[in-house]
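Colleague: Quick one: structure below, then a few questions.
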């Protein structure tokens, strides 16, 4: 007869009261500490990825611009939307805004606020805003959209190429400090630009002279309205850029009080923005300005601070190439006569159609 083995009882050591809870808390604290250490690195990886996507978008845009210029009978270095050269667009802030973003892009899906109570949509459904809808933007057909798709409000690849993942909009700068705020009405500050305007990237250089009534006559000393072959240093001349580049160059000047919100770009670095250049390249560029001493052939009454905007790796003026007519009458009819003997007006370019019909 088989006897059953005696039962065995295992005696566990008595746990200290609260030991299990303490162990859990210790483990949780350790995990939290590791998470806090890892978070900046993970955030940086995510930021680097977004910055790389933005840069690739601008490289795509740069290649498309070169193709556009090669096919354009006027060889425009930067495509010009027809509303940029249309006289009398009102309000002026709408003209400044759309001029900066209408080179290409999708239609707007969110309202652009003209005032606190008046908005418009830059798409086909808006009687006014449809003038800037996707089908009207000259660079779109060079991005890869088929002709039938260009009129669609949110068509790829146009909508993705002109959208930066880091687009959080731009902060406003008081008008008392700067002219930058003219192009973006205060109700649109700190709002992502791509949903409003169909494009995250602004025309980097838009330095113009205008007659007394803005929107009647305009003349450009930046690359817009120039022939690409007349620009001697396209590798330094920006086309489009992350929108904060405009405030980092024109807006902040040399003596602004430091402000994190204003001085850091979309990708988290001080005064750094993605910029597309007219040689087809795109680079992550330090936007800080350097003082400029104008050459002897520059008209003596030109405002050096605003019209000579340059950094170590870029310049927004076209010197020594003379100005180009952007809109309206021949400059001979409204510019100071003394300017025709010096830069920027001497031997000016007129690459619009039809050309103006009178010169000095």
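Colleague: Quick check on my filter: what residues within the range 303-315 are crowded, with 18+ Cβ neighbours inside 10 Å and in a loop (DSSP other than H, G, I, E, B)?
Modeller: 308, 309, 311, 314
Colleague: In the range 316-338, what residues are surrounded by fewer than 20 Cβ atoms within 10 Å (Cβ to Cβ) and outside any loop (DSSP other than H, G, I, E, B)?
Modeller: If the condition is that a residue be surrounded by fewer than 20 Cβ atoms within 10 Å (Cβ to Cβ) and outside any loop (DSSP other than H, G, I, E, B), then 332, 333, 337, 338 are the ones that fit.
Colleague: If I ask for residues that are over 16 Å from the mean Cα position of the chain (by Cα) and assigned to a helix (DSSP H, G or I), which ones from the range 214-251 would you list?
Modeller: Those that are over 16 Å from the mean Cα position of the chain (by Cα) and assigned to a helix (DSSP H, G or I): 228, 229, 230, 234, 235, 236.
Colleague: A further question follows. Which of the residues that make up the range 89-110 are more than 18 Å from the chain's Cα centre (by Cα) and assigned to a helix (DSSP H, G or I)?
Modeller: 92
Colleague: Look through 214, 185, 170 and report the one residue that is over 28 Å from residue 343 (Cα atoms), modelled with pLDDT under 85 and in contact with a helix residue (DSSP H, G or I) (Cβ under 9 Å, 6 or more places away or on another chain).
Modeller: Just one listed residue meets the conditions, 185.
Colleague: When you look at residue 61, is it part of a loop (DSSP other than H, G, I, E, B) and either surrounded by fewer than 21 Cβ atoms within 10 Å (Cβ to Cβ) or in contact (Cβ under 8 Å) with a residue 12 or more places away in the chain (or both), yes or no?
Modeller: No; evaluated as a whole, the condition is false for this residue.
Colleague: Would you mention how many residues in the range 221-246 are surrounded by 24 or more Cβ atoms within 10 Å (Cβ to Cβ) and without any contact (Cβ under 8 Å) to a residue 60 or more places away in the chain?
Modeller: The number of residues fulfilling the criteria is 1.
The values are calculated or read from the model by the stated rules, or taken from the named source; none is laboratory data. Keep in mind that what you see is a predicted model, and the values were worked out from it rather than measured. Every residue, glycine as well, gets a Cβ built from its backbone with ideal geometry; the counts of neighbours run over all protein chains shown.
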